1. Using the membrane-span-like helix rule (whole DSSP H runs, Cα extent along the own axis of at least 27 Å, mean Kyte-Doolittle hydropathy at least 1.6), which helices of the chain qualify?
2. Could you give the size of the charge dipole of the chain about its Cα centre, using +1 on the Cβ of each K and R and -1 on the Cβ of each D and E, expressed in debye and rounded to the nearest 20?
3. Just name one of THR30, LEU104, SER4: the one whose Cα is farthest towards the positive end of the charge dipole of the chain (beta-carbon charges, Lys/Arg +1, Asp/Glu -1).
4. Residues with beta-carbon under 15 Å from that of ALA81, excluding ALA81: net charge, scoring Lys, Arg +1 and Asp, Glu -1?
5. What net charge do the residues around VAL27 carry, taking every other residue with its C-beta under 15 Å from that of VAL27, with Lys and Arg at +1 and Asp and Glu at -1?
Amino acid sequence: MRDSGYLLWFRRVMWLGIVSNVIVALVSITQTPMVLELLKLPLAEPLVWPRFAAFLLILLSGFYIPAAIDPSGNLFAAIFAVVCRFGGVVFFSIVGGRYIVFGLFDFIFGLPEAILLGFAYASSHQSRKGGR
């Protein structure tokens with residue numbers, strides 16, 4: 001895939017998603033009861049489990065970085081990032097209830113990422129087909 005405007009915007013959305021994930025996770029780790037109350041979720045006991053889930057979000061976000069840096073050179077990472085976003089959407093849709101907010105968070109980033117990556121791939125494929 002050659003670098004295009006679609007890839008530029010894909011990278012921007014990826015970085016925005018990574019930063020958003022880390023901010024949400026850090027707040028969730030440091031202010032767990034407040035976050036659960038704000039989302040009207042039941043208080044988990046012990047608090048280590050929601051904090052650990054937030055920590056795992058930070059780790060997962062680290063795997064998104066190669067796709068944010070160079071989606072063409074790290075195509076697997078770019079596709080994996082989009083699949084992971086939609087995995088979160090599916091998981092939290094099945095869980096339902098007030099937990100759906102986590103799925104909507106993934107959807108907000110996953111949909112534009114998928115569209116932009118798809119357009120970038122199609123644009124690149126069309127350019128190669130046209131002999132450019």
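1. Helices meeting the span and hydropathy rule in the chain are 48-69, 75-95.
2. Using Cβ point charges on Lys, Arg, Asp and Glu, the chain gives about 460 debye.
3. Selected residue: SER4.
4. Summing Lys and Arg as +1 and Asp and Glu as -1 gives 0.
5. 0
Here, each number is a calculation from the coordinates, and none is a lab measurement. Because the structure is a prediction, the values reported are computed rather than measured. Virtual Cβ from ideal backbone geometry, glycine too; neighbours counted across all protein chains shown.
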